[in-house]
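Visitor: Have a look at this one.
The values are calculated or read from the model by the stated rules, or taken from the named source; none is laboratory data. Nothing here was measured: the structure is a model prediction, and the numbers come from that model. Quick reminder, even Gly has a Cβ in these numbers, built from the backbone with ideal geometry, and neighbours come from all protein chains shown. Quick note on the areas: whole protein, heavy atoms, side chains included, nothing else; ligands and nucleic acids left out. Shrake-Rupley method; radii C 1.70, N 1.55, O 1.52, S 1.80 Å.
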Amino acid sequence: MRLLYRDATGAIRLTEDLHKNIPPYAILSHRWGLEEVTLQELIDGTGPSKRGYKKIRFCGEQAQCDSLSHFWVDTCCIDKKNSVELQEAINSMFRWYRNAARCYVYLDDVSCPATTSTEPPGAPAQKKRKRMDIAASPTVQPTEPLWQAAFRDSLWFTRGWTLQELLAPSSVEFFSSEGTLLGNKSSLELSIHNLTHIPVEALRHGQLSNFCVSDRYAWMNHRETTREEDKAYALLGIFDIQMPLIYGEGYATAFRRLQREVSQATKPPLMPVAEGAAFDSRAEEHNARCHPETRVDLLSQIASWAADPDGKVIFWLNGIAGTGKSTISRTIAQHFHERSLLGASFFFKRGEAYRGHAGRLFTTIAAQLAVKLPYVAQQIQAAIDADPDLYSKALREQFEKLIIHALTNIHNPQTLIIVIDALDECDHDTDIRAIIHLLSQARTLPHVRLKTFLTSRPELPIRLGFKKILGSYQNIVLHEIPQPIIIHDLRVFFEFELARIRNEYNASTFEELELPPDWPGQQIETLVHMSVPLFIFATTICRFLEDPAWYNPASQLQKLLDYQATSCAELDKLSCTYLPVLAQLVAGKSEAQKERLLEDFRNIVGAIVLLAEPLSATALSKLLNIPLSIIQRQLQTLHSVLSIPARADAPIRTFHLSFHDFLIDPAKKSTNNFWIDEQAAHKRLAARCIQLLSVNKVLKKDICNLQQPGISFAQVDRQTIDKYLPPEVQYACLYWVYHLELCNISVQDKDQVHTFLQTHFLHWLEALCLIGNMHKSISMIEALRKRCQPGMYISNFLQDAHRFILNCIHVVITHPLQLYSSAICFSPEKSMIRKEVQREMSAWIVKAPAMEKPWSACLQTLEGHSGQVSSITISPNGRWLASGLSDHTIKVWNAVTGVCTQTLKGHSGQVETDIMSPNKALLATEDIEVHNQEYGIHASKKWITWKDQRVMWLPPKYRPIFSAIGGTTIAIVYGHSSESVLVFKFSTNNPTV
């Protein structure tokens, strides 16, 4: 940039074009008028004769008063005839204004002689702010200065380029056409805000990226530019982006290009999230919210807690099953969302994949925060770039790096609420306690008040978690709310819902069959007292009355009341809720018909409530091997207890966890004809999963027909995977062991499990790799081992399978088809798995290298260190390993899976212990690359390649120090002492799987 300065004679001169060591400078903001002075006119000395020179002289004199020797004016500091310079200047303009020591706004349409100024040039900022406070006080009514009306009408506030000139600098001072100081951006803040509708936080030099994209676009509304394209270009700095300027393209095209650049720049980071967990997700779309006249006091208390700057960091709403916690959560999330207070929401749901555990809780919350706050998105992306494995790290590290650190750098005070529903449905008690503890740490944030509204049943792990953070939370026990309030809310709910049901029924039936206007009359009071205190009872009744399979609300209501009168006297509340619904299935049937219907119910509905994650009717039909028509017939009368979509390929869900609890409760075995034997149902599901996977060609080598041995997982599109591995197959691959564990049976030689693994072990692992869950195979194999008797063949097989997976997991997670080459080649010759799967080895490997005979004592090689390991230690339970590095960091590893779960930084010196000398375990090698041009074979750092295609991954132990190739034979010298040689021989055919 070029700057202006005064020479010894007082004449205004230009510096050379400066690229570094730029001195402090003032900058002018103004409206362009007639006779502006150009760069060339300033150089040739004709500038002082033009009217525009007055503004240049003013800027220089004001800069001199502020002890600044340099200043900048756009009219004469840019060579606008040079298109390259003009492009660079416009793309740099925001930065130039932001870096200015002072910005002077020259308002040529506001007159204020110096004698009437209310802000003398030397007035301290503190004094000015005090005057502004007085002017805004409701008890003092000062006379408005004469220039104020002209200030409000100034055309400067209507120009496009002046938007960034207002927001970019930290110091902005406004001057009249006479050069009189009117005030600064701070003292005139209220007036500017009212004129521009720009938030005061943005005017106070806040991070513009903290404001949502649509708001920043709106700041340009009602502003104009001389060139229509400039209305888009003037926003470049507001979004901190750059793009080429194409004058003549028109505003619409320029704005579309701007939108594309902004979309790319503000795109939230890609993170694994729990689909359907947000309150406004498709999965939660039709779930109930509170009626406006119910829960009034409770919702008011929650809103007051959120608004209280000194309020506790967590609001815990706890209540027994069915008291309406999730409905309140959805309502309060909607309330906060409409007021721009909602940071994120997560609704746990047991049995729904990632919504049933904490693995994706904080990544899902972080992803939602990134959408709301673009600046946070940048911080989160930086954390991911620094640690790409952050998603798989411990909950603490995810929370600290993705949420706490990302919010720490926000300097605008604001409140953000996180809504977490049904924490009791999160697997693993230790995770539940960790979540509560971590959320309580949000109080340490300096500027953002991050609060959490959390609901759960009052179960022991949760009570223990809150006991450890006494003083950090506020709580209400939902089932202890005074009964008159609950009765009122239930009455309002029934009056509203039954009126809706009556009106919809009357609109769709013959006039003679219409329900009377006062239906159901006094029976509402009966329903209210039947429901107290369970809202789930009330909602189930309403779904029961409008069930499309029996759509006659009056007769349905009478059935319910008759059942309550005759059968519910000795039953608990949940039985009274669900048995009237289920009793219809067998009403009026013979004993033989009842038994058949109950058997179908246990097989179909039993599977639905016990599945690890929901399946569609189509997938369920294939998994259970039950015709789709029978599944449809079974479900058609269960709309009041199950969420049954219209499409057969959409997942079926339970409305409430209490339905699952009711069906499997052992205490109800004698009173509930629909009782489901949980172990027997899991046994059937495990068997059906294995049978499905064992069907010819459901699982097979290279199931997606990829053919290339070195193809990476990232290169395989999701549509291809879903085509060859449909939902029921993916489910069976992931959860057959889960069901086997829960049916409590042992694994035997030659049984169904043994036979399946002998035939499909590698095929199953390949499928797990393709659906992104290979890491789960380790815990699944361990679970199977625990169900075996020691000494059995299958027990030894599983032990060997565990070693086999640990040996190859690092490569097959990213390159699944290496299961059939590298994984087999580099397993020991006496490995049971190698012997069983030798037939699966890729045909292009003519001769595999000789390997060690049995497995060595080395379980795994952990890769990921960037420096020398200086210490190592193992947790007492053997589950965790920590390695200290010479770069002052510690890596924490899962000793079972080999995944680095945490990187700890901040030590002042090298991490040292005397537990183990690490140098004996760490090898440093020099990679020498060799290749054969005739066949295109190449041996390098980690891979053997064929014509630039990766075909064989080399484990760390076998990576080359020196290599030689003759024809299709490769000899690799490896190992620290260079005493070991690895010999491969390949076919001359193109390598395929």
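Visitor: Please list the non-local residues whose amide H lies under 5 Å from the amide H of R159, H modeled 1.01 Å from N, same-chain partners needing a gap of 5 or more.
Guide: Sorted by chain and number, the residues that satisfy this are E224.
Visitor: Now a separate question. How big is the antiparallel share of DSSP beta bridges in the chain, given as a percent to the nearest 5?
Guide: Of those bridges, close to 60 percent are antiparallel.
Visitor: Explain nothing, just the number: dipole magnitude of the stretch 681-847 about its Cα centre with +1 on each Lys and Arg Cβ and -1 on each Asp and Glu Cβ, in debye rounded to the nearest 20.
Guide: For this selection, approximately 240 debye.
Visitor: If amide hydrogens are placed 1.01 Å from N in the peptide plane, which non-local residues have theirs closer than 5 Å to the one on M952?
Guide: I944
Visitor: Tell me the Kirkwood hydrodynamic radius of the stretch 453-600 in angstroms, computed as one over the mean inverse distance between distinct C-alpha pairs.
Guide: Taking the inverse mean of 1/r over all distinct Cα pairs, the stretch 453-600 comes out at 18.0 Å.
Visitor: Amide H of S29: which non-local residues (sequence gap of 5 or more, or other chain) have their own amide H closer than 5 Å, using H built in the peptide plane?
Guide: For S29, the qualifying residues are Y104, V105, Y106.
Visitor: Considering the Cα trace of the stretch 221-358, what is its radius of gyration and what is Dmax, both in angstroms?
Guide: 22.1, 67
Visitor: Here's something else I'd like to know. Which angle from 0 to 90°, rounded to the nearest 10, does the C-alpha axis of helix 125-136 make with the longest principal axis of the chain?
Guide: Computed tilt is about 80 degrees.
Visitor: Which three numbers, in whole Å and largest first, are the semi-axes of the equivalent ellipsoid of the stretch 1-97 derived from its Cα gyration tensor as √(5λ)?
Guide: With the √(5λ) rule applied to the stretch 1-97, the semi-axes are 19, 17, 13 Å.
Visitor: To continue, here is another question. Compute the separation of the alpha-carbon centres of the stretch 1-73 and the stretch 299-360 and state it in Å as a whole number.
Guide: After rounding, the separation between the Cα centres reads 58 Å.
Visitor: What is the percent of Cα-Cα separations in the stretch 482-569 that go past 21 Å?
Guide: Percent of Cα pairs beyond 21 Å in the stretch 482-569: 29.
Visitor: Work out the length of the dipole vector of the chain about its Cα centre, built from +1 on the beta-carbon of each Lys and Arg and -1 on the beta-carbon of each Asp and Glu, and round it to the nearest 20 debye.
Guide: That gives a dipole near 1800 debye.
Visitor: May I pose another question? Using the alpha-carbon centroid of each, what span in Å lies between the stretch 645-699 and the stretch 193-242?
Guide: A separation of 55 Å, based on Cα centres.
Visitor: To the nearest 20 debye, what is the magnitude of the charge dipole of the stretch 596-673 about its Cα centre, counting +1 on the Cβ of each Lys and Arg and -1 on the Cβ of each Asp and Glu?
Guide: 160
Visitor: If you average 1/r over every pair of different alpha-carbon atoms in the stretch 596-673 and take one over that average, what Kirkwood value in Å do you get?
Guide: Evaluated on the stretch 596-673, it is 12.9 Å.
Visitor: Need one number: the % of Cα-Cα pairs in the chain sitting beyond the 58 Å mark.
Guide: Summing the P(r) of the chain above 58 Å gives 30 percent of all pairs.
Visitor: Note down the net charge around D800, summing +1 for each Lys or Arg and -1 for each Asp or Glu among other residues with Cβ under 11 Å from its Cβ.
Guide: The answer is +4.
Visitor: So what's the net charge close to Q40: Lys and Arg +1, Asp and Glu -1, counting the other residues with Cβ under 11 Å from its Cβ?
Guide: Neighbourhood net charge equals -1.
Visitor: What value does the stretch 681-847 have for Rg/Rh, both radii from Cα atoms and Rh as Kirkwood defines it?
Guide: So for the stretch 681-847, dividing Rg by the Kirkwood Rh gives 0.94.
Visitor: Quick one: Karplus J couplings for the stretch 231-246, per residue in order, coefficients 6.51, -1.76, 1.60, θ = phi - 60°, nearest Hz, x for Gly and Pro?
Guide: For the stretch 231-246, the Karplus curve yields 5, 8, 5, 5, 9, 4, x, 4, 9, 6, 10, 10, 7, x, 9, 10 Hz.
Visitor: Continuing with this model, one more query. Just to check, using Stokes-Einstein with a Kirkwood Rh over alpha carbon pairs, what's the diffusion coefficient of the stretch 180-288 at 25 °C and 0.890 mPa s in µm²/s?
Guide: 144
Visitor: Add +1 for every Lys or Arg and -1 for every Asp or Glu among the other residues with Cβ under 11 Å from the Cβ of I314, and state the total.
Guide: +3
Visitor: Between the helical axis of 591-610 and the dominant principal axis of the chain, each derived from Cα atoms, what acute angle in degrees is found, rounded to the nearest 10?
Guide: 40
Visitor: Still on this structure: What whole-number volume per residue, in cubic angstrom, does the convex hull of the C-alpha atoms of the stretch 405-444 give?
Guide: Each residue corresponds to 81 Å³ of Cα convex hull volume.
Visitor: Going toward the positive end of the dipole of the chain, with +1 on Lys and Arg Cβ and -1 on Asp and Glu Cβ, which of I824, F255, Q715 do you reach last?
Guide: Going by the Cα projections, it comes out as I824.
Visitor: Where the centre of each part is set by its Cα atoms, how far does the stretch 505-559 sit from the stretch 766-822, in angstrom?
Guide: 55
Visitor: For helix 553-567, what angle does its Cα long axis make with the longest principal axis of the chain, in degrees from 0 to 90 and rounded to 10?
Guide: Roughly 60 degrees, rounded to the nearest 10.
Visitor: With a 1.4 Å probe and all protein chains left in place, how much accessible area per residue does the chain have, in Å²?
Guide: 46
Visitor: Let me ask you something else. Pop out the ³J(HN,Hα) list for the stretch 64-72 in order, Karplus 6.51 cos²θ - 1.76 cosθ + 1.60 with θ = phi - 60°, rounded to Hz; leave Gly and Pro as x.
Guide: 4, 4, 9, 6, 10, 8, 10, 8, 9
Visitor: Over the stretch 282-481, what lengths in whole Å, largest first, do the semi-axes of the equivalent ellipsoid take, defined as the square roots of 5 times the eigenvalues of the alpha-carbon gyration tensor?
Guide: After diagonalising the Cα gyration tensor, the semi-axes are 25, 19, 17 Å.
Visitor: Using θ = phi - 60° and the Karplus relation 6.51 cos²θ - 1.76 cosθ + 1.60, list the HN-Hα couplings for the stretch 396-410 in order, rounded to whole Hz, with x at every Gly or Pro.
Guide: Per residue, the Karplus-derived 3J(HN,Hα) values read 4, 5, 4, 4, 5, 7, 8, 10, 4, 5, 5, 8, 4, 8, 7 Hz.
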